[in-house]
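*Asks:* Attaching a single structure in structure tokens format; questions to follow.
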Amino acid sequence: MTADRLFRRSFDSLDEIFAFTADFFALHRIDPELLPTVDLTLEELFTNMVKYSPAGEPNIRIEMAAAEGGVEVTLTDYDVERFDVTQAPDANIDLPIEERRPGGLGLHLIRRLVDTLQYEYSNESRRSRITFRKTRS
């Protein structure tokens, strides 16, 4: 019960990604209430890959697998530098808005929305993999 697809390294790919997730959820009868969180998480991770690794290979792979009570999603990016999303500092949301530094709020949010977030990097192939899982609470 898995599916994978390559998406162009472009912000314009988001509509195709959302169609892919919606189709996968419908086909595998995954709780549709999980879909907004999965789409938001994918949007944050994918757009970061596009924005911060513009010289990577032209496509980013997204794999989805049905999991007990939900879904597991993996994004694989090729020929990129290491950036471990699990080690990036949290945004300091306690500061007044005028004292905050831009960036990091998206990762801060998705860490709290998903059940698990994992990162793997291969120095040899310069391959980055981010896997997250979202299940019913």
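*Asks:* Would you please name the residue that is nearest to residue 39 (Cα to Cα), looking only at residues in the range 1-26 that are hydrophobic (A, V, I, L, M, F, W, C) and surrounded by 15 or more Cβ atoms within 10 Å (Cβ to Cβ)?
*Replies:* Checking each candidate, the answer is 18.
*Asks:* Follow-up. I'd like to know if the range 78-85 contains one or more residues that are in contact with an Asp or Glu (Cβ under 6 Å, 6 or more places away or on another chain) and either modelled with pLDDT of 95 or more or at positive phi (or both).
*Replies:* Checked against the condition, which is being in contact with an Asp or Glu (Cβ under 6 Å, 6 or more places away or on another chain) and either modelled with pLDDT of 95 or more or at positive phi (or both), the range 78-85 yields at least one hit.
*Asks:* Give the number of residues within the range 115-137 that are outside any loop (DSSP other than H, G, I, E, B), touching a residue at least 60 places away in the same chain (Cβ under 8 Å) and either over 18 Å from residue 59 (Cβ atoms) or aromatic (Phe, Trp, Tyr) (or both).
*Replies:* 4
*Asks:* Please work out if residue 22 is assigned to a strand (DSSP E or B), farther than 22 Å from residue 108 by Cα and small (Gly, Ala, Ser).
*Replies:* For residue 22, the condition - assigned to a strand (DSSP E or B), farther than 22 Å from residue 108 by Cα and small (Gly, Ala, Ser) - is not met.
*Asks:* Can I ask one more? On the basis of being within 15 Å of residue 132 (Cα to Cα) and either more than 11 Å from the chain's Cα centre (by Cα) or assigned to a helix (DSSP H, G or I) (or both), does residue 71 make the cut?
*Replies:* When the stated conditions are applied, residue 71 passes them.
*Asks:* Right, something else. So if I check each of 43, 81, 57, which one is surrounded by 15 or more Cβ atoms within 10 Å (Cβ to Cβ), out of contact with any Lys or Arg (no Cβ under 6 Å at 6 or more places or on another chain) and over 22 Å from residue 116 (Cβ atoms)?
*Replies:* Details: 43 fails: over 22 Å from residue 116 (Cβ atoms); 81 fails: surrounded by 15 or more Cβ atoms within 10 Å (Cβ to Cβ).
One residue alone meets the criteria, 57.
*Asks:* Also, I was wondering about something else. List the pairs whose first member sits in the range 16-36 and is within 13 Å of residue 73 (Cα to Cα), whose second member is among the polar types (S, T, N, Q) and assigned to a helix (DSSP H, G or I), and whose Cβ atoms are under 7 Å apart, counting only residues at least 6 apart or on separate chains?
*Replies:* Partner pairs satisfying both residue conditions: 35/21.
The values are calculated or read from the model by the stated rules, or taken from the named source; none is laboratory data. In this text, all values refer to a predicted model and were calculated from it rather than measured experimentally. Neighbour counts are summed over all protein chains in view; Cβ atoms, including those assigned to glycine, are modelled from backbone coordinates with ideal geometry.
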